[in-house]
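Report on one structure; see the data block that follows.
Please treat every number below as a calculation from the coordinates, not as lab data. Treat the numbers as computed from the prediction; the structure is a model and nothing was measured. A quick note on method: Cβ atoms are made from the backbone with ideal geometry, for glycine too, and the neighbour counts reach across all protein chains shown.
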Amino acid sequence: MSAPGELPAPGGLTLRTWRADDAPALLRAFRPLEMARQAGRPVTTGAEALEWVAERESERAAGTAYTWAVVRDGVPLGHVSVAAVNRVHDTGWVSYWTVEEARGTGVALGGVRALARWALGDLGLHRLELGHRTSNPASCAVAVRAGFVPEGIDREKLRYGDVRYDVERHARLATDHVNEG
């Protein structure tokens, strides 16, 4: 399935594919330790940022993940993705983050809402899942406000360094009432 390069999002936001010229924005975003863990691999040089973008393009071409920068006025403020796309079960895993200065401004919520609407509509998925550390109430609030229902705790699912974290799992179905209208 071919995905659009841009999606409109609430609050004057647009989802668009990550581009090579976003490398400086990615380096700034992944500079804090908390965000570096989100990258899944080091993104500390321009070359690594370009590799990160190329990996997202390859996943999109393979139909395994669809990733967007959440932008306002052309400036990347965050990231949303549906990955682990499984066409046997029509499921996907949603993730999101924002740069520090965009937190609490609706960037994550607008991005997740637009991504979910597209993935459950045009992409044809039935179930979207996401998870957040139980110690991250802001991420939980985004998930709930975007229509994802809490389903349970995955104990010690994530490991960062030597520390393991419990994760609260949420899901949104194509049949959920939040998708109507």
Put +1 on the Cβ of each Lys and Arg and -1 on the Cβ of each Asp and Glu in the chain; which of ALA3, THR44, ALA20 then has its Cα farthest toward the positive end of the dipole?
-> THR44
Calculated FRET value between ALA61 and VAL88, using beta carbons and R₀ = 35 Å, to 0.05 = 0.95
Would you calculate, for the chain, the mean residue ellipticity at 222 nm contributed by helices, counting each DSSP H stretch of 4 or more residues as -39,500 (n - 2.57) and dividing by all residues, to the nearest 500?
-> -9000 deg cm²/dmol
So what's the gap between the Cα centers of region 106-156 and region 9-31, to the nearest angstrom?
-> 19 Å
Over region 6-179, calculate the relative contact order: mean separation of alpha carbon pairs under 8 Å at least 6 apart, over the residue count, as a percent.
-> 17 percent
So for region 6-179, using the alpha carbon gyration tensor with a ≥ b ≥ c as root eigenvalues (a/c under 1.5 gives rounded; past that, a/b versus b/c decides prolate or oblate), I'd call it rounded
Taking 0.36 nm per residue of separation and subtracting the Cα-Cα distance, what length does fully extending GLU129 through THR45 add?
-> 27.1 nm
Cβ-Cβ FRET estimate between LEU27 and ILE153, R0 fixed at 41 Å, reported to 0.05 | 0.75
HN-Hα couplings for region 69-78 via Karplus (6.51, -1.76, 1.60; θ = phi - 60°), in whole Hz with x for Gly/Pro, come out as 7, 9, 10, 10, 6, x, 9, x, 10, x
